[in-house]
Amino acid sequence: MSSLLPAVIVPAFIPSPSQGVWHVFGLPLRAYALCILAGIFAGYWLGRKRWVARGGSPEVLGDIIMWAVPFGLVGARIYHVLTDWKRYFGEGADPVDALKIWNGGLGIWGAIAFGALGAWLACRRHKVPFLAVADAMAPGIALAQVLGRFGNYWNQELYGRPTDQWFGLEIDPAHRVAGFEQFATFHPTFLYEMLWNLGVVALVVLADRRFRLGHGRAFALYVAGYTAGRAWIENLRIDTADEVLGLRLNVWTALIVFAAAVVFFVLSARTRPGRENITTTPAPSDDTDDAAASTDEAAASTSAGGANASTSAGGANASTSAGGGSDSTSAGGANASTSADGANASTSAGGAAASTSAGGAVASASAEDEPVRDRPSSVTAEQQPSSSDTAAAEPSARPAEIPAGTAGAHPSTAEDHAPATESATASRSDTEPTPSDKPKADATTTPPTTGTRD
């Protein structure tokens, strides 16, 4: 029965691609470049989701990425050329090859350093916290490295020592490192790093969700996680590299950066716990600005249905009332009052008086030396006080007299929504003499003309 089953061939190694470049309309389309671009877009996608979830502006982050990516690519190439300078500036080398980025050769350390510089400059322009951006982008950077490392597969580069395991990577003879031509399969270090970085993505996302990492701690966790894996993976590689005390330069770099990231994480957690607030509010629109300007104009001038201001000769005095109430004050012998929303206001004492009304209010004013009985009434039929209100006001109707020496101290207050009559029926002031101290006068008596008081 088993002989009838089709045979399943399991390869004893991971085959290498037959080609890594395709020509479309005469233009080379390189797999390595496509992997780098795919990593950039995937990293931005994940970082953008995290940034917006924290309340950040996606437009601002997009501008920051437009600064960080070019800086990162330039920095990655500079680091690679400096650490492998003999390949480009040694004997028999062509320095122009240092510009051929499509042939591979990007150092992650330079990419992170220069990319961070570009992001920092953009953050200053937009006035957003740089460490908050780094925290949001941390797992996205690791995700970008996952896809970027896949480009090494297409270029058949950055592999490790020879191995005969089933997961060994087949390398064509043309791409084998000198001294290892007799071996066919090698450790796929790029694959190890891809899987490790996927774990770093999950670590940062889950830890941030659990502990709400802020002030650069999510980024520090990413750096520590990546460098911990890079140190042992780098030791498997056999490509040419400078060594210091028997260790490859990148191993030393990974160890130093790992220690720095751990120290930063601990100090940040102690000195700056919690997470910063990056919630942004939209800028005020033109309509909002126009409305604010109109409000300011209305407050500055006497307008209907709102706050009003008035002044009177003989002194500096202004009063306002809203919501149907009435308020009046006097200073230096002058008196001014305003009313709003259908309320009436009147003044009659202190020498000179002025009043204004808004929103359908009725106001009356007495001029200097003008008798009360000769002042025309401006009260319309719709705003005439009721008979009960008139009857209640008649007992107190008498000429307004203010003893000498009390000018400017004549406050009067009207009840909210209660209309006031003309000067002949004005409310008695607090400084008015008592009925026992002055002769009685009926409502038809003409008050003496008032003048400037000493």
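Computed from the coordinates by the stated procedures, all read-outs in this text should not be read as laboratory data. Just so you know, these numbers come straight off a predicted model, no measurement behind them. Glycine also receives a Cβ, built like all others from the backbone with ideal geometry; neighbour counts cover every protein chain displayed.
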Quiz item: Using only the Cα atoms, what convex hull volume per residue in Å³ does segment 28-271 have?
Solution: 142 Å³
Quiz item: Exposure proxy check: Trp85, Trp196, Trp22 ranked by fewest other beta carbons within 10 Å?
Solution: Trp22, Trp85, Trp196
Quiz item: Taking neighbour Cβ counts within 10 Å as the exposure measure, how do Val262, Val133 sort from fewest upward?
Solution: Val262, Val133
Quiz item: By count of other Cβ within 10 Å, fewest leading, how are Met194, Met66, Met137 ordered?
Solution: Met66, Met194, Met137
Self-check item: Full-stretch length increase - Gln19, His126 - with 0.36 nm per residue and alpha-carbon distance subtracted
Solution: 34.1 nm
Practice problem: Would you mind computing, in nm to one decimal, how far apart the modelled labels at Asp97 and Leu267 are, each placed 7 Å from Cα along Cα→Cβ? | Solution: 4.2 nm
Quiz prompt | Amide H contacts under 5 Å for Gly160, placed H, 5+ residues apart | solution = His187, Thr189
